[in-house]
């Protein structure tokens, strides 16, 4: 019996590529050649091999035009990510193509990354690391690079899903006070004493640190704008490991430059890998290259979850366990 044909758009962890090659007629991109940036090229390659499945990744442009150009053989698009705003779900549904993601396996790792950025921003770790690397450090000084402690600070979590709740659990160990903003209040067993806010004004005015974990899309685009930044306390810190498009970059740069916002830590960017130029001239912003889920354990788990979805549809003829469309 012939194996289903699978197109992989990106280089994936070795264990994932090995499993894909074992169970599928897999067309790999083990050199991570950047053809994945072109939706038309993704569709062309899928058509050339009569792919039955496409294993893509965050940022691959699978909009309506790309999905419309996919061959009729494609039954499923499995994204190596939790986020799926790079895929036009409605267009896929209209064509009867199943879309799946990889939820639940990267929450802790992403929360770790948010906490790393929180510490970097509060303790000015990025500035210190750059000072040492530039060989400009002249030794300990009583007032050198003084930051702020996290102990006793009010942490505001925007989006109290799995990642937000993992971050809250970590923050409790640092004796932080947890506040959160979400569309609905969480049940007490998930809230664990955190304070719920049902409006942005009260939420932003109550916190010292904002960590953003909201979904992408037009509803949250540039949510953190000049008005909301202005509602935050002077000297607050902003962390974003959610969606780059949720931040108005020009407004955040202005707030960082004026000192109204003490510092920021960013792992995601609007239009990445392009990064808003204004950040590069600021010392009080820590910038990471989208490392949220970048642990060996997490990336392997994501890959296996994506392949589990593909196996269900293409090998067993069943519903995908993590289907979106």
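Points worth noting:
- Using alpha-carbon coordinates, inclination of helix 107-123 to the longest axis of the chain, degrees: 30 degrees
- The ranking of 75, 93, 234 by Cβ neighbour count inside 10 Å, starting from the fewest, reads 234, 93, 75.
- Listed peptides 15-25, 158-168 by packing density, highest first (mean Cβ within 10 Å): 158-168, 15-25
- Principal-axis tilt of helix 14-23 within the chain, Cα atoms, nearest 10 degrees: 20 degrees
- Remark: spin-label model distance residue 257-residue 18 equals 5.1 nm, labels positioned 7 Å along the Cα→Cβ axis.
- When each of the peptides 294-304, 214-224, 132-142 is scored by how many other beta carbons lie within 10 Å of its residues on average, the order from highest to lowest is 294-304, 214-224, 132-142.
- Modelled spin labels at residue 151 and residue 274, positioned 7 Å past Cα toward Cβ, are 4.5 nm from each other.
- For the stretch 148-194 and the stretch 1-59, distance of Cα centres in Å: 39 Å
- Between the stretch 70-87 and the stretch 209-273, the alpha-carbon centres lie 29 Å apart.
- With helices as the sole contributors, the chain gives -10000 deg cm²/dmol at 222 nm; each DSSP H run of n ≥ 4 counts as -39500 (n - 2.57), and the sum is divided by every residue.
- Computed log₁₀ I(q)/I(0) - Debye formula, equal Cα scatterers, no solvent, the stretch 107-287, q 0.12, 0.16 Å⁻¹: -0.53, -0.94
- Entry for percent of Cα pairs over 38 Å apart (calculated from the structure that is shown) out of [x] 26; [y] 23; [z] 13: [y]
- Spin-label pair residue 73/residue 32, simplified geometry with 7 Å Cα→Cβ offset, distance in nm: 2.8 nm
- Counting 0.36 nm for each residue step from residue 297 to residue 183 and taking away their Cα separation leaves a gain of 37.9 nm.
- Between helix 249-258 and the chain there is an angle of about 20 degrees, using the helix long axis and the longest principal axis of the Cα atoms.
Bear in mind that the values in this text are calculations on the coordinates, not laboratory data. A quick note: this is a predicted structure, and the numbers were derived from the prediction, not measured. Virtual Cβ from ideal backbone geometry, glycine too; neighbours counted across all protein chains shown.
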